[in-house]
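These notes are about the structure you will find just below.
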Amino acid sequence: MRTSIAIFALLCAGLLTNEAAAEETKLAFNPTIVLDADTANEIDDLYAVVAALIEPSWNVVALNAAHWQTSHWTSPTSMEDSHRLNQVLTGHLQMQVPTKRGAPARMYDWGDQAQHSAAAYEIIKQAHNMAEGERLTVIALGALTNVASALFIDSSIADKISLFWLGSSYDFEKEIMGTTDFNCIMDTQALHYLLNSSVPMTVIPVNVAYDMQFDYAETAQRLKGTHPLGDLLVDRWTNHMDGSRQARAIWDLALIYAMSDPEWIETTQVRTSKDYGDRDITYISQIDGEQMYQAFFDRFEAYLAK
Ligand SMILES: [Ca+2]
């Protein structure tokens with residue numbers, strides 16, 4: 001009798017552990033989404049924007065352009081370049097998603113720190129359009145300028161948005177957050193403004209996103225000739241200033257698939273240090289990069305076949 005009670009207890013414990021694990025990996029968010037991308041910066045944003053736009057369960061209500069003006073290798077018009085490329089992508093997909101210009105540079109250092117852009121005001125508008133108790137999902141794939149500026153202009157949206165972002169690094173063993181990666185340093189004012197806010201944040205750090213690698217030969221073979229958009233995605237890789245790489249992380253896409261396919265990830269709740277907001281963040285701590293990699297081609301082909 002005692003043995004069966006013990007076995008029953010163990011079974012229950014196992015069940016609870018599994019349930020707890022499932023609960024831990026679940027990323028809850030409203031499918032009403034503003035996507036904010038520094039599309040012209042690298043290669044990965046294009047793949048991520050396409051994946052988000054063709055995700056059938058999502059409703060992308062606006063596609064914002066972000067700058068990377070702080071970088072040493074920026075173009076003179078980084079935000080505008082992203083904006084134009086966003087329009088090219090929606091054009092290829094024949095989608096009427098509104099494209100909004102974001103900040104042309106990082107937030108100001110003092111006074112009215114906000115960059116007053118169409119993208120920032122779009123986030124505010126869409127946040128207030130949400131039903132009572134619902135939060136707009138904001139996915140940021142670059143500098144956080146547009147999101148932080150929206151919050152600076154209208155602090156009431158802290159209760160109306162949830163932020164999902166690729167950025168920072170995190171050492172899960174030593175519990176140390178790093179903020180010297182590209183997306184952090186493009187706007188440290190914006191990063192600290194959001195860390196010190198109550199906006200819920202879910203973050204995929206660059207060291208985790210790195211686990212999804214695309215192979216150039218396979219990417220070209222699967223995409224080239226499928227559609228002008230497939231050609232564009234391959235040409236972007238070839239023509240980028242470091243286009244000679246045979247494999248590369250498609251960073252931003254990892255966040256999109258972490259959200260759409262949470263069974264491929266694990267998450268960890270992190271309490272940031274006092275100098276980084278002293279707040280809770282959901283960190284994506286592991287991904288199944290191979291599943292994500294293959295999913296992109298399968299879903300792109302399925303979308304074109306429709
Ligand atoms: Ca990006």
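The values are calculated or read from the model by the stated rules, or taken from the named source; none is laboratory data. Not measured: the values here are computed from a predicted model. Using ideal geometry, Cβ is built from the backbone for each residue, glycine included, and neighbour counts are taken over all protein chains shown.
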Q. So Leu304 clears everything in (1) farther than 15 Å from Ile54 by Cα; (2) modelled with pLDDT under 95 except one condition, right? Which one?
A. (1)
Q. For region 247-280, how many residues meet the condition of being of a type in the set (A, V, I, L, M), outside any helix (DSSP H, G or I) and within 15 Å of the ligand (Cβ to nearest atom)?
A. 2
Q: Quick one: which residue in Phe172, Phe164, Phe152 is modelled with pLDDT of 95 or more, out of contact with any His (no Cβ under 8 Å at 6 or more places or on another chain) and surrounded by fewer than 18 Cβ atoms within 10 Å (Cβ to Cβ)?
A: Phe172
Q) What is the residue count in region 48-61 for residues that are farther than 15 Å from Phe182 by Cβ and within 10 Å of the ligand (Cβ to nearest atom)? A) 1
(Q) Can you report the number of residues in region 246-280 which are of a type outside the set (A, V, I, L, M) and either in contact with a helix residue (DSSP H, G or I) (Cβ under 7 Å, 6 or more places away or on another chain) or closer than 18 Å to Glu55 by Cβ (or both)? (A) 15
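Considering only residues that are of a type in the set (S, T, N, Q) and either away from the ligand (no atom under 13 Å from the Cβ) or under 18 Å from Gly91 (Cα atoms) (or both), which ones fall in region 30-47?
Within region 30-47, Asn30, Thr32, Thr39 meet the criteria.
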Q. Of the numbered conditions (1) closer than 27 Å to Leu27 by Cβ; (2) within 15 Å of the ligand (Cβ to nearest atom); (3) assigned to a helix (DSSP H, G or I), Trp237 satisfies every one except a single condition; which is it?
A. (1)
Q.
Restricting to region 253-288, and then to whatever is buried (at least 21 other Cβ atoms within 10 Å of the Cβ) and among the small types (Gly, Ala, Ser), can you tell me which residue is farthest from Thr137 (Cα to Cα)?
A. Ala254
Q.
If I go through region 139-181 residue by residue, how many of them are β-branched (Val, Ile, Thr) and touching a Ser or Thr at 6+ places or on another chain (Cβ under 7 Å)?
A. 1
Q. Does Ser244 count as at pLDDT 95 or above, part of a loop (DSSP other than H, G, I, E, B) and out of contact with any Asp or Glu (no Cβ under 7 Å at 6 or more places or on another chain)?
A. no
Q) Within region 34-85, restricting attention to residues that are of a type in the set (Phe, Trp, Tyr) and within 21 Å of Ile256 (Cβ to Cβ), which residue is surrounded by the fewest Cβ atoms within 10 Å (Cβ to Cβ)? A) Trp58
Q) Within region 17-29, is there a residue that is within 16 Å of the ligand (Cβ to nearest atom), at pLDDT below 95 and not aliphatic (A, V, I, L, M)? A) no
Q: Quickly run through region 86-116 and pick out the residues that are crowded, with 23+ Cβ neighbours inside 10 Å and farther than 26 Å from His240 by Cβ.
A: Met107, Gln115
Q) Which of the residues belonging to region 79-111 are touching a Leu at 6+ places or on another chain (Cβ under 6 Å), part of a helix (DSSP H, G or I) and closer than 20 Å to Val147 by Cβ? A) Asn86
